[in-house]
Amino acid sequence: MAIALAVFSGFGVALAAPVLSRRLNNAAGWVLALLPAALTLYFVSLLPLAAAEQPAAFSSSWAPELGLFLSFRADGLGLLFALLISGIGTLVIVYASGYLKGNPNIGRFYAWLLTFMAAMLGVALADNALLLFVFWELTSLSSFILIGFEHERESARAAALQALLVTGAGGLALLAGLLLLGLAGGTLELSTLLGQGDTLRASPYYVPALILILLGAFTKSAQFPFHFWLPNAMEAPTPVSAYLHSATMVKAGIYLLARLSPALGGTNLWMYAVGGIGASTMLAGGYLALTQTDLKRLLAYSTVSALGMLTLLIGLGSQLALKAAVVLLLAHGLYKGALFLVAGALDHETGTRDIRQLGGLFPKMRLTALAAGLAALSMAGLPPLFGFISKELTYEAALEYGPWLTAAVVAAGLSFVFVAGIVGIGPFWGRKTETPRSPHEAPPSMWLGALTLAGLSLLIGLFPATVSGLLVSPAFSAAVGQTTSVELALWHGVNPAFILSVITVLAGGGLYVVRGPLRSGLSRLAWSRGPAFLYERSLDGLNALARGQTRILQNGYLRHYLFSILLATTGLAGFTLLTKGGLYWPSAVTDVRFYELALGVLILGAAFAATISWSRLGAVAALGAAGYGVALIYLLFGAPDLAMTQFMIESLTVILFVLAFYHLPHFAQLTPRRSRLRDLLVALLAGGLMTSLVLSAVGVQLFPSISDYFVENALPLAHGRNIVNVILVDFRGIDTLGEITVLGIAATGVFALLKLRMSRRKTGDEK
Amino acid sequence: MNLTLILPITIPMLTAILTMLLLKSRRAQRAVSMLGALALFVASLWLLADVWRNGIQAEQMGNWPAPYGVTLVADLFGAIMVLLAGIIGLAVAMYSLVSIDPEREAFGYHSLYHFLLMGVCGAFLTGDLFNLYVWFEVMLMASFVLMALGGERGQMEGAIKYVTLNLLSSALFLSALGLLYAMAGTLNMADLAAKFSSITAAQPHGLVTTLAMLFLVAFGIKAAVFPLFFWLPASYHTPPAAVSALFAGLLTKVGVYALIRVFTLIFVQDVGYTHTLILVIAGLTMVTGVLGAVAQNEFRRVLSFHIVSQIGYMIMGLGLFTPYALAGSVFYIAHHIIVKTNLFLVSGIVERLGGTPELKKLGGLYQSQPSLALLFLVPAMSLAGLPPLSGFFAKLSLVRAGLEVGQYTIVAVSLGVGLLTLFSMIKLWNEAFWKPVPEVVGNNSETAANLRAWLIPIAFLASITIIIGGIAGQTFALALLAGEQLMNPALYIQAVLGGAP
Amino acid sequence: MNSLIMKTTARFLMPFLLLFSVFLFVRGHNEPGGGFTGGLVAAAAFALYSIAFGSREARRVLRVEPRHLIGVGLLAALSSGVVALINGQVFLTGLWGYIRLPGLGRVETGTPALFDLGVYLVVMGVTLAFIFNLEEAE
Amino acid sequence: MEIILAFVIGGLFAASIYMLLRRSLVKLLIGLALLSHATNLLIFTAAKLTRGNPPVIGADATALTPPFADPLPQALILTAIVISFGVMAFALALAYRVYRSVGTDDLDQMRGTDV
């Protein structure tokens, strides 16, 4: 129960956040941060349970018929994520209170940030695949709102839409994939599914389910070729970038891969798809980072690269690789979060994020510089920081897979070092430059987070045992699907990984030194037709397709609409009639008498005359003649009531037509001959269909009519001799009730149409 | 005697007659209208409770035994639909009180409104095919007048298409009905089902299948499926928002209801043919509808085209033809009615505030109207299928049903269309809410303070979509029961005709 | 259409038509006729009058507004169903009894007759509403 | 006779549909009126014809003697006729108002709400 409460508490507090923010002003951030802080402590308290393989869990039904249960489970992997989410969440909320100080919408900001946090906790802790999906989508939505926080800028709106569409598309694939997984495994409870890896991998659903799930994970975690939304998402305020787009949400995909790897991993498909995409992403992100000049975009690309590296490691799937992945996850969250916060502080204080305009700020912003330096050292993988441990492990894992993969990982490492230099050293050292705002140290709320995260990088680096037992081991066990313990150490001796590390730092440093020329050189190679371009194009294409289709279909011509309906009718019914053997020839029919034949000819002639008449009154007269002819048919074939009604109504209709035509224009020949012929063809087709249907229906009587009942009971039970009238007012009185209602409504309508004049001033509601 | 079946017809009828007679007194009309809507809502709740507790309810009108008289019958599906009519009737009646101008009221707005509800409820409750035609006509006639009431040019242009195409549909329906009677000699739906099941289960009868096609087209026009939907986008955005909302919520769904009813009860002899066709139509309807929405640049036009697209989802469950799939359809219909009506109600406020329906000229509402923005976001995201709102469960159940029977194409289409739905909802959001107010603002825009009362029905409906999602377990269980009833016509037949199940 | 012949015909025919309509209505349950045709004939009587003398004059002769005819007619039809409900029967169940009418003696009648009367009034009112309003359209 | 009427019905439908497809609103109205004739006659014919002999029990009889015409379709048609009368009257009023507010009866000029 407590664990469900922990997840949902964020939603509750989110609702209160706007009010709280209005009441407490600047202190609101500090107060609201108490929630994630408390959650952090709570999750820490759950760690021993997870380490003892007895994770806290809770389950309740939500929509059992749909396979959706409200079940949560806090195992090592989930807790590792939950701690990142709540821990960094605490710092980010405090940070936001400084960053967005004075912003009138800060209340909403807190609300959505907390919503996001709760949703993200849900992703990490859900034990039901659909429940996980529910939270997954909520993170997409809150990310959308947060990216578009400065929604008056068009670029922010476009970026928000892009992020939502890309992750939303992946989300839909994920939903299908999870459902297929459920079909394959017979349950949607993750902890059960994870135990059935062999069944799942043997299922015919395995391949489609895996591909769909991977699509979901890759879009969320900004894997190549879906990575482009992430740099654009830097339109969001920096606390959001730090929190969602570096430390937590983008790792949801990674989390999902790690979570499912015991169930779905271990196949060649897994290894090549996950590993391949991961490697491409790692390299593409690392390369693109080299060319950036905007601090946040630079960090975003390097985040893409790191996400790729994580994916690669999970794809490789060896024990060592998964261990490296878990460690990198934590290390990256710490240093990248810190660097983003630093970037925000710089932006906030100097008014620019352009790295070419930043330099020599150390004297003004010592604490920020300290945080930046530590985080950058960790990112560059220098001892004694946590990043170093992570990098060693990664290299060791890569070395198992031969020189090519090692080279790729080292290349990404170079880019890390480069980025670390640009963010951690560039702005603070060297020549002091002019900036739009005169800088001074950021307020405590804004350096506290960065310094804490950077400090943790150092602390864990120095004392890795603090996390290895309680945090890393359980998470690692969950990812490999068996209980294993991990020992982390700073110093592994001079091994190949260490040598590679040294090479990386030196070469990366070299790149940093020549950063200016390098950037201009690379930007000449810039690739303008990438996936982002494709996204734009497909959006344009979609809009063009939509407009084109709608112009053709919904063209405003009533005739065309009628055409389409008539063709559908004749097509469907005609085709069925012919292919399904519905055609019959009437056998038992009444004979024909001459006057009846003449009457038939008269009706047809009148109908024909109505269609070709040049004058309105002529047409109405012909119409009336056809109606009287029909009335005569009724009279001849035993329906005097019908005949009488038809006769009266026909007369009244003619009067109404005449009255109305008095106000209407004369007939006009508006269509050319060709379209008249086409119309005639359609009309004859439809008429022919009706004729054949009537003939067939007359030919087939499957069951006797229920009419005998009315004939027998009209007099004794309903006290009437005119059976038609008895049916109307008694047997089927409710039909008649409806019918006179129709008449009453029609009268209201005629009255309103002819008499109502709207006054012009009240047009706000109408078009 | 069982009052629950007849009240949803007689209450709106009495209300309509009274408001018609009280036309001269605006206050009395409004009071009667509100009371009537409230009473209908209560009666519809009572009906659902009755059916839920006691199974399918049937009542022979005039005490003439089925199949000779007209039977009113409510299975869970029918009762759910009536409840939805009750909910929408209440919400839109509230909204009408604040938004409809006195001129329209003086010319019978309230009376027409309740006649429409009467027709809708009648259609949901009747167990007789010809009686269904009559209720269709009641509903249509009322909708014709409501559509045209006011006589604005746009209304007229929309109404002429709406009226013509719907009359064609009625003529088709009536013809199909006549032919069916000629063959089967009965009009009672349970009787038809019983008769058809007894002779054509082994070998489908070609003419019956042909007639099924006629019904498919006739109801398809009313339900606005591809390629018969054109009247809807041409007209739904033209009358006042309250009318649009009522139509958007209820009218096409009566067509869908009729399709589901006859294609689960009567025309089930050649499922491989008819229902596969329905599935194809469902897919095409989804795609053309959503593309139509993407192409629009006015608030209500976007919403109108989305109705078409979502009709596809409702039909999809019918095409898949499993209890689970039909449960999905029922759930989708319920969800859609609530959410779509709500969005149209929101559109009314947006157009009032902005003074224009054109997205290009709207903007700034997130800043100026945060509560309205939230009340838009809830139904919009629900429509797009975002969890944990009702739309998610609707989509989830259909997708799951499709996967279970291996219809991957339609599942893929439905998911893709879901994304496009999200896309165009975000378009509305971006343009009307997020975008800064454009330079040129309509001069007849109103102040927000006058519109406070407009938010009440909107909040009412928004809370329902949240609740449906929150208690998805219960609501879906109900839908599943309804789906199982639909897939087991014997229950319906027994309730109407009596005899052993 | 303001010819003298027309006016004379209308004035002459009207009572006969009205009488005929009542005749049709009354016998409708047993012989061809009934509320529909009766109502239509009654409406035709006024329609003729209206064409001859104008709708204003016809409305004056009619005395009641067509809308009220419709409303009352609908109410009558509805109440014939509700009577059954009040008696604990199913909606629209026919209830029969005898009433004593001066000159006619014991006459069998029942709620279906009330229903048919409603039909009569609605059909008449509606038709007149159509005619009057169309005539008055400018 | 059913065979003859089947062709009459087909002809009525064809004539009606041809008129519905015209651009002129006034012709469309004629088409709608023809449509209801066609439909009613279809129901009447499909249910098979009986010459003479209306379903009315004579004043001195207690039951109908066959052959007699099927009363049920007659009741249905009567309902349909009356409904289509109401619809027709409404359509005429609508046409009047359309012409008044749009200024033409050319349906091709009434595309403003679609495009």
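Residues checked against (1) more than 8 Å from every other protein chain (Cβ to nearest Cβ); (2) over 20 Å from the mean Cα position of the chain (by Cα); (3) within 27 Å of B:Leu480 (Cβ to Cβ); (4) surrounded by fewer than 19 Cβ atoms within 10 Å (Cβ to Cβ):
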position: B:Thr4; (1), (2), (3), (4): yes, yes, yes, no
position: B:Thr19; (1), (2), (3), (4): yes, yes, no, no
position: B:Leu22; (1), (2), (3), (4): yes, yes, no, no
position: B:Leu38; (1), (2), (3), (4): yes, no, no, yes
position: B:Ala43; (1), (2), (3), (4): yes, no, yes, no
position: B:Leu47; (1), (2), (3), (4): yes, no, yes, no
position: B:Asp50; (1), (2), (3), (4): yes, yes, yes, yes
position: B:Ala58; (1), (2), (3), (4): yes, yes, yes, no
position: B:Trp64; (1), (2), (3), (4): no, yes, no, no
Going by the structure shown, is A:Thr248 under 28 Å from A:Phe109 (Cβ atoms), modelled with pLDDT of 95 or more and among the hydroxyl-bearing types (Ser, Thr, Tyr)? no
For helices (runs of 4 or more DSSP H) lying entirely in the range B:324-407, having 3 or more residues that are in contact with a Cys (Cβ under 6 Å, 6 or more places away or on another chain) picks out none
Exactly one of A:Gly98, A:Gly78 is touching a residue at least 60 places away in the same chain (Cβ under 8 Å), touching a strand residue (DSSP E or B) at 6+ places or on another chain (Cβ under 9 Å), in a helix (DSSP H, G or I) and not polar (S, T, N, Q), and that residue is A:Gly78
All conditions in (1) open to solvent by less than 10 Å² (accessible area, probe 1.4 Å); (2) out of contact with any Phe, Trp or Tyr (no Cβ under 7 Å at 6 or more places or on another chain); (3) not charged (D, E, K, R) are true of A:Leu200 except (2)
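The rows are residues; the columns are (1) in contact with a Leu (Cβ under 9 Å, 6 or more places away or on another chain); (2) more than 7 Å from chain D (Cβ to nearest Cβ).
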site: A:Phe637; (1), (2): yes, no
site: A:Pro640; (1), (2): no, no
site: A:Ile655; (1), (2): yes, yes
site: A:Ala660; (1), (2): yes, no
site: A:Pro665; (1), (2): yes, no
site: A:Ala668; (1), (2): no, no
site: A:Ala683; (1), (2): yes, no
site: A:Leu693; (1), (2): yes, yes
site: A:Ser696; (1), (2): yes, yes
D:Pro66 fails exactly one of (1) facing another protein chain (nearest Cβ under 7 Å); (2) open to solvent by 10 Å² or more (accessible area, probe 1.4 Å), namely (1)
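Table: residues versus (1) within 30 Å of A:Met690 (Cα to Cα); (2) open to solvent by 60 Å² or more (accessible area, probe 1.4 Å).
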site: A:Tyr512; (1), (2): no, no
site: A:Leu545; (1), (2): no, yes
site: A:Gln549; (1), (2): no, no
site: A:Tyr557; (1), (2): yes, no
site: A:Leu566; (1), (2): yes, no
site: A:Ala573; (1), (2): yes, no
With criteria (1) facing another protein chain (nearest Cβ under 9 Å); (2) modelled with pLDDT under 90, B:Val437 comes up short on (1)
Within the range D:90-112, is there a residue that is farther than 30 Å from B:Gly158 by Cβ, surrounded by fewer than 24 Cβ atoms within 10 Å (Cβ to Cβ) and not polar (S, T, N, Q)? no
Considering the range A:657-691, residues that are of a type in the set (Gly, Ala, Ser) and assigned to a helix (DSSP H, G or I), and then whichever is farthest from C:Thr127 (Cα to Cα), we arrive at A:Ser675
Of the conditions (1) under 22 Å from B:Val134 (Cα atoms); (2) surrounded by fewer than 21 Cβ atoms within 10 Å (Cβ to Cβ), the single one that B:Leu84 does not satisfy is (2)
For the range C:88-120 the number of residues that are assigned to a helix (DSSP H, G or I) and either among the acidic types (Asp, Glu) or over 22 Å from A:His719 (Cα atoms) (or both) is 1
D:Val82 vs (1) more than 7 Å from chain A (Cβ to nearest Cβ); (2) open to solvent by less than 10 Å² (accessible area, probe 1.4 Å); (3) assigned to a helix (DSSP H, G or I): all pass except (1)
Residues in the range D:26-48 that are of a type in the set (A, V, I, L, M) and facing chain B (nearest Cβ under 7 Å) total 7
Residue hits (the range B:96-132; facing chain A (nearest Cβ under 8 Å), of a type outside the set (A, V, I, L, M, F, W, C) and under 16 Å from the mean Cα position of the chain (by Cα)) are B:Gly119, B:Gly122
For the range A:214-242, the count of residues that are open to solvent by 10 Å² or more (accessible area, probe 1.4 Å) and without any contact (Cβ under 8 Å) to a residue 60 or more places away in the chain equals 1
Among residues of the range C:73-83 being within 8 Å of chain B (Cβ to nearest Cβ) and touching a residue at least 12 places away in the same chain (Cβ under 8 Å), the residue nearest to the chain's Cα centre (by Cα) is C:Leu74
The correct count of residues that are in a helix (DSSP H, G or I), facing chain B (nearest Cβ under 10 Å) and open to solvent by 20 Å² or more (accessible area, probe 1.4 Å) in the range A:147-164 is 4
Given the conditions (1) facing another protein chain (nearest Cβ under 7 Å); (2) under 26 Å from A:Gly738 (Cβ atoms), every one holds for D:Arg51 apart from (2)
Every listed condition ((1) within 22 Å of B:Leu214 (Cβ to Cβ); (2) more than 7 Å from chain D (Cβ to nearest Cβ); (3) not hydrophobic (A, V, I, L, M, F, W, C)) holds for A:Gly688 save (2)
Within the range B:214-273, the residues that are within 29 Å of B:Ile458 (Cβ to Cβ), at the interface with another protein chain (Cβ under 9 Å from one of its Cβ atoms) and aliphatic (A, V, I, L, M) are B:Ala234, B:Ala241, B:Ala242
Note: among A:Pro384, A:Pro427, just one is in the same structural domain as A:Leu288 (by TED's automatic domain parsing), open to solvent by 10 Å² or more (accessible area, probe 1.4 Å) and not in a helix (DSSP H, G or I), namely A:Pro384
Picked from the range A:582-604 (must be more than 60 Å from the chain's Cα centre (by Cα) and aromatic (Phe, Trp, Tyr)), the residue most open to solvent (accessible area, probe 1.4 Å) is A:Phe594
Subset of the range A:359-368, residues surrounded by fewer than 24 Cβ atoms within 10 Å (Cβ to Cβ) and either within 19 Å of A:Leu298 (Cα to Cα) or of a type in the set (Asp, Glu) (or both), comes to A:Gly359
Across (1) basic (Lys, Arg); (2) under 20 Å from A:Ala450 (Cα atoms); (3) assigned to a helix (DSSP H, G or I), A:Lys364 clears everything bar (3)
Just one listed residue, out of B:Leu18, B:Leu35, B:Leu45, B:Leu72, is closer than 24 Å to B:Tyr257 by Cβ and in a helix (DSSP H, G or I), and it is B:Leu45
The number of residues in the range A:543-561 that are within 30 Å of B:Phe267 (Cβ to Cβ) and either modelled with pLDDT of 95 or more or under 35 Å from the mean Cα position of the chain (by Cα) (or both) is 3
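The values are calculated or read from the model by the stated rules, or taken from the named source; none is laboratory data. Because the structure is a prediction, the values reported are computed rather than measured. Cβ: placed from backbone, ideal geometry, glycine included. Neighbour counts: every protein chain shown. Heavy atoms of the whole protein, side chains included, go into the accessibility calculation; ligands, DNA and RNA do not. Shrake-Rupley method; radii C 1.70, N 1.55, O 1.52, S 1.80 Å.
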